[in-house]
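**Q** So that we are looking at the same thing, I have put the structure below in structure tokens.
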Amino acid sequence: MALMLVTDEGHRCIIVWMFFDYVQKLKSTVLILFLTTAMLLLCVAGFFLHGKNTGAEDIVSTPTFSKTSGFYNDPFKLEIYCGKGEEIRYTLDCSEPTLDSPLYVEPIDIYDRSQEENLYSNNIFTSVDYFSYSDRHGYVLPEKPVDKCTVVRAVVFNENGEKSETVTESFFIGYQNKPSYRGTGVISLTADPDDLFGYENGIYVIGKLGTEDFQKNVAKSEEAQAYLKENPDTPLDGTVQIGNVYMHEAYVYNYSQGGIEWERPADIAFFDMWHTKLASGKLGIRIRGNNSRNFPQKSLSLFERETYAKEELYFPFLKNNIKSGIALSGGGDDMYSFTRDPFLAELYRKNGLAFGVQEISEPVFLFLNGEFWGTYLLTEKEDKQYLERHYGVDEDNTLIVKNGILDSGTPERYRKYYGELVEYVINNDLSTENGYKGFSDLVDMKSLIDYYCARIYVDDTSDWPKSNVAVWRSVNKTDRPYEDGKWRFLNFDNNIELQASKVDFDTIGSILSQGKEDYEDMKEEYESLVKEGKDLEEMLDEGLRFDRMILYPLFQNEKFREEFMKRFTEIEDSVYEPEEAIKLLDSIAYNNRLPVVTGYSRWFGERCSFKDFDEKIEEIRFFLRNRRQYIDGYMKEASY
């Protein structure tokens, strides 16, 4: 039994489901009449109140689209509805609609806009790699229009100029005729162009910060000033090298910024491999990564917050039920294969190694502000919700430190517990039985040993462990298995490992050599800071951290050395056994091949092909087949 009331516009209604079988099964006619009358009165009251100024949420109706985001075979006309006495403003360039935006007066033509001029893809200021003096990676701007979807954003205004929330829909027309997109999931991500590409506030561009940094360096350089005297018309935006001054990755840019102040609101829609819509919603986005922020294809962090939407947003493509937030990875230094990260993550997970491992999706295609933005991977973020999902640790009882810097938790807990760990390493001799036992009380040694064994086999120390190291612990101890207050490791960012050219690299020798230097420098710096009267907070601000040098003092302990060597051999024999590892690699590469090569065209033009992808995979196979003959000798030397 149901009641529906419809307004004269024909599109706004209130539906009340009334008790169904429960009411029909009641034996009392009087009771049935009473309950039915009560519900009718509520219905009528709701009908007359709907749209009245009864609260902030009821001031303006939300625009209603005749079709929602999706893939459609043929063009169509889109209708948008609103309430009586209201008007609709809309945009087709992804900007936030205002009273100055086009007024909706007739249906909008929705068609494949792929042959129209690129609005955002040819923005040279998204990366210094596009400048003529840069020869990194070979990125090129698109020479022709990229594939597109039609993004319609609409807002309703009432007579008082008050506005509704923005509704954003993405329409893909005729993609059944584009075979390269078949069998791969798609994401449409939309943000106001000024939030992405604006000079002042854009998070995806060099922007004001980069330009000002460049101009400061020009002003300080005598050679640059001499060049400008001879070439006074030279632009000062960084596109041209001036004397010995040019933009590079060490500069400060808009896109190198982080924190909540550089987070921007966005709308997102997910479509599965058959291009059926899975989910959509509102969220916040930030640029993520270290050096990869300089690449034109940047990675993004996605944040679900109540400030954007009250409804929880489900993130598809990952097996874990993730609702807190994810990352969209543009491949980083593995932009030619997108395979190293997912391969090692699955290899470690499959073998049950004792450190945190991210779940990483199969490749998906991203359309950013309606334009094809290449191939991406969805990556589970190792945050406090991750610890609760995988370890059963209360998210409010966690502390995460990445690269020696607080990542999650309170500053007070960071100073107390991470400071305690750093001070212990500095002030105690880990080669002694008591020193090692005290360290083992602070750190899960199985996690530490598994982590360093696994990474030493595949890394060449060009990036790790000076970067990309994360540790976590529960703050308070409970009876739960992982709430014991011990530090454990999280693995992430494996996109530069397994390099064929570094198959013979002495990783353990490099780590111990650099670790000895770092350890001695840190002890000296610590003693100097103590003499200066600085407290622990100031010491941590100075960059004191234990992870990049910890193997050196630990290797002075014979018991640890023996345990480490034994476990390293076990991991060689199981995790990195070439035949089984290559089987897994090939299965991932098979799924990645077409979508990754499709993404090449967006960033490298016609320069890259299936041949390039296949060569990158063969390099990884070569590493797996040949690494052991080199690393075993280095490990033997380190064991004495």
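The values are calculated or read from the model by the stated rules, or taken from the named source; none is laboratory data. What you see is a predicted model; the values in this text were computed from it and never measured. Using ideal geometry, Cβ is built from the backbone for each residue, glycine included, and neighbour counts are taken over all protein chains shown. Surface accessibility is based on the protein's heavy atoms, side chains included, excluding ligands, DNA and RNA. Shrake-Rupley method; radii C 1.70, N 1.55, O 1.52, S 1.80 Å.
**Q** Got a sec to turn the phi values of segment 623-640 into Karplus ³J(HN,Hα) couplings, 6.51 cos²θ - 1.76 cosθ + 1.60 with θ = phi - 60°, whole Hz, x for Gly and Pro?
**A** 4, 5, 6, 10, 4, 5, 5, 9, 5, 4, x, 5, 5, 5, 4, 6, 7, 8
**Q** How much length is gained on full extension from ILE582 to LEU141, taking 0.36 nm per residue of separation minus their Cα-Cα distance?
**A** Once the chain is fully extended between ILE582 and LEU141, it gains 155.3 nm.
**Q** Could you give the radius of gyration (one decimal) and Dmax (whole number) of the Cα atoms in the chain, in Å?
**A** 28.9, 99
**Q** For segment 440-482, with all protein chains present and a 1.4 Å probe, just round the carbon and sulfur fraction of the accessible area to a whole percent.
**A** 45 percent
**Q** Turning to a different aspect of this structure: Hey, any idea what % of segment 496-575's accessible area is carbon plus sulfur with a 1.4 Å probe? List each step's numbers first, then the result.
**A** Values: 1620 of 3890 Å².
The value for segment 496-575 is 42 percent carbon and sulfur by accessible area.
**Q** With the other protein chains left in place, how much accessible area per residue, in square angstrom, belongs to segment 358-444 at a 1.4 angstrom probe?
**A** Accessible area per residue, segment 358-444: 35 Å².
**Q** In nm, what is the difference between 0.36 nm times the number of residues separating GLU615 and ALA279 and their Cα-Cα distance?
**A** Residue separation times 0.36 nm, minus the Cα-Cα distance, leaves 117.3 nm.
**Q** In whole percent, and with a 1.4 Å probe on the protein chains, what portion of the accessible area of segment 223-298 is carbon and sulfur? Working shown, then result.
**A** Details: 1790 of 3530 Å².
Solvent-exposed carbon and sulfur of segment 223-298 make up 51 percent of the total.
**Q** Taking amide H positions as placed 1.01 Å from N in the peptide plane, with prolines and chain starts having none, which residues 5 or more places from LEU399, or on another chain, fall under 5 Å of its amide H?
**A** ARG473, VAL475
**Q** Each residue of segment 144-161 in turn: what ³J(HN,Hα) in whole Hz from Karplus with 6.51, -1.76, 1.60 and θ = phi - 60°, glycine and Pro shown as x?
**A** For segment 144-161, the Karplus curve yields 9, x, 8, 4, 9, 10, 9, 9, 10, 10, 9, 9, 9, 10, 8, 5, 8, x Hz.
**Q** A further question on this structure: Between ASP394 and TYR133, what's the calculated FRET efficiency when r is the beta-carbon distance and R0 is 51 Å? Round to 0.05.
**A** It comes out at approximately 0.50.
**Q** Next question. With a 1.4 Å probe and all protein chains left in place, how much accessible area per residue does segment 73-210 have, in Å²?
**A** Accessible area per residue, segment 73-210: 45 Å².
**Q** Moving on to the next point. Roughly how many whole Å is it from the C-alpha centroid of segment 368-422 to that of segment 86-151?
**A** Each part's Cα centre sits 33 Å from the other's.
**Q** Could you work out how far helix 445-458 tilts from the main Cα principal axis of the chain, as a 0 to 90 degree angle to the nearest 10?
**A** The angle comes out at about 90 degrees.
**Q** Over all alpha-carbon pairs of segment 491-640, lay out the pair-distance distribution in 5 Å bins, whole %, shortest bin first.
**A** 1, 8, 12, 14, 14, 11, 10, 10, 9, 6, 3, 1, 0
**Q** Give LYS402/LYS534; LYS583/LYS616; LYS502/LYS636; LYS437/LYS559; LYS486/LYS566; LYS384/LYS486 a once-over and call out the pairs whose C-alpha atoms are over 21 Å from each other.
**A** Violating the 21 Å limit, Cα to Cα: LYS402/LYS534; LYS486/LYS566.
**Q** How big is the Rg/Rh ratio for segment 377-445, C-alpha atoms only, Rh by Kirkwood, two decimals?
**A** 1.06
**Q** Let's see if you can work this out: charge +1 on each Lys and Arg Cβ, -1 on each Asp and Glu Cβ, no other charges. What is the dipole magnitude of segment 156-231 about its Cα centre, in debye to the nearest 20?
**A** Numbers: 7 positive and 13 negative charges, 96 e Å.
For segment 156-231, the charge dipole is close to 460 debye.
**Q** How large is the accessible surface of SER513 in square angstrom, using a 1.4 angstrom probe and rounding to the nearest 10?
**A** SER513 has an accessible surface of roughly 80 Å² with all protein chains in place.
**Q** Go through PHE197, PHE372 and list them by solvent-accessible area, largest first, probe radius 1.4 Å.
**A** The ordering from most to least exposed comes out as PHE197, PHE372.
**Q** Note down the net charge around PHE71, summing +1 for each Lys or Arg and -1 for each Asp or Glu among other residues with Cβ under 12 Å from its Cβ. Write down the numbers at each step before the final one.
**A** On the way: positive: LYS67, LYS178, ARG182, LYS277; negative: ASP74, ASP112, ASP272.
Result for the local shell: +1.
**Q** Measure out, as a whole number of angstrom, how far apart the alpha-carbon centroids of segment 573-614 and segment 320-355 sit.
**A** When both Cα centres are located, 14 Å separates them.
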